[in-house]
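Below you'll find the structure, written out as structure tokens, and then a few comments.
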Amino acid sequence: MQLRGRTSGLPKYKIVPNNGTNEELIYMSFALIQKVNDEQRKAAVVDVKSGDTVRVHQKIKEGNKERIQIFEGVVIRVDRAKSHTARITVRKIASGIGVEKSFLIHSPLVEKIEITRRSKVRRNFLSYLRNRSGKSARLKAVKFDREGVNTLAEAPVETETKAEAEAEAPSAEEK
């Protein structure tokens, strides 16, 4: 049977109970995938919204050299903001030509994202900006706390509890 048209609504796999082994196998592989995904996520990222003007600092590797390239433009799309595959699409005008670039927020190649301007928009996907140029492409700015938004919370540092420290102390003295 050949599928035509949209197939996105079809299930990717089917769980068939067979004495519980298949269900356990699928659950274990999902847990493993979740663990890997959580390790790839950054501890803290900037809360970027559509309409923000951002500066994305991206690592570029040329041969054996690495440098940071800055791409500044308007965020026209935010996809899966809470996921480990969160992505933003940034648009800028370079030499009179519109350039769009997508960035995975949790990618190790994205050094940092800083918000320079925040605008009032009423939708998530600003595709209408592609058809506009000049004054009609402007967005109304909104006041915001620039330092507060761009300051990231530090990654939580694992500290030992007193019970763990006391449990380790006698074992160190015995040796």
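We did not get these values from a lab; they are worked out from the coordinates using the rules stated. Predicted model, so just to flag it, every value in this text is computed and none were measured. Neighbour counts run over all protein chains shown; Cβ positions are idealised from the backbone, glycine included.
Order 111-124, 58-71, 94-107 from most to least packed using the mean count of other Cβ atoms within 10 Å.
111-124, 94-107, 58-71
Suppose we look only past 13 Å in the calculated P(r) of the range 27-82. What percent of the Cα-Cα pairs does that tail hold?
Pairs farther apart than 13 Å: 74 percent.
Just check the range 18-135 against the gyration tensor rule for me: Cα atoms, a ≥ b ≥ c as the square roots of the eigenvalues, rounded for a/c under 1.5, and otherwise prolate or oblate depending on whether a/b exceeds b/c.
Prolate is the answer for the range 18-135, as a/c is 1.5 or above and a/b outweighs b/c.
Normalised by the residues of the range 53-138, what does the relative contact order come to in percent, with Cα pairs under 8 Å and at least six apart?
Details: 140 pairs, mean separation 26.0, N = 86.
Normalised by residue count, the contact order of the range 53-138 is 30 percent.
Return LEU139, LEU126, LEU32 ranked ascending by Cβ neighbour count within 10 Å, so the fewest neighbours appear first. Intermediate values should be presented prior to the final figure.
On the way: LEU139 17, LEU126 21, LEU32 10.
Listed from fewest to most nearby Cβ atoms, that is LEU32, LEU139, LEU126.
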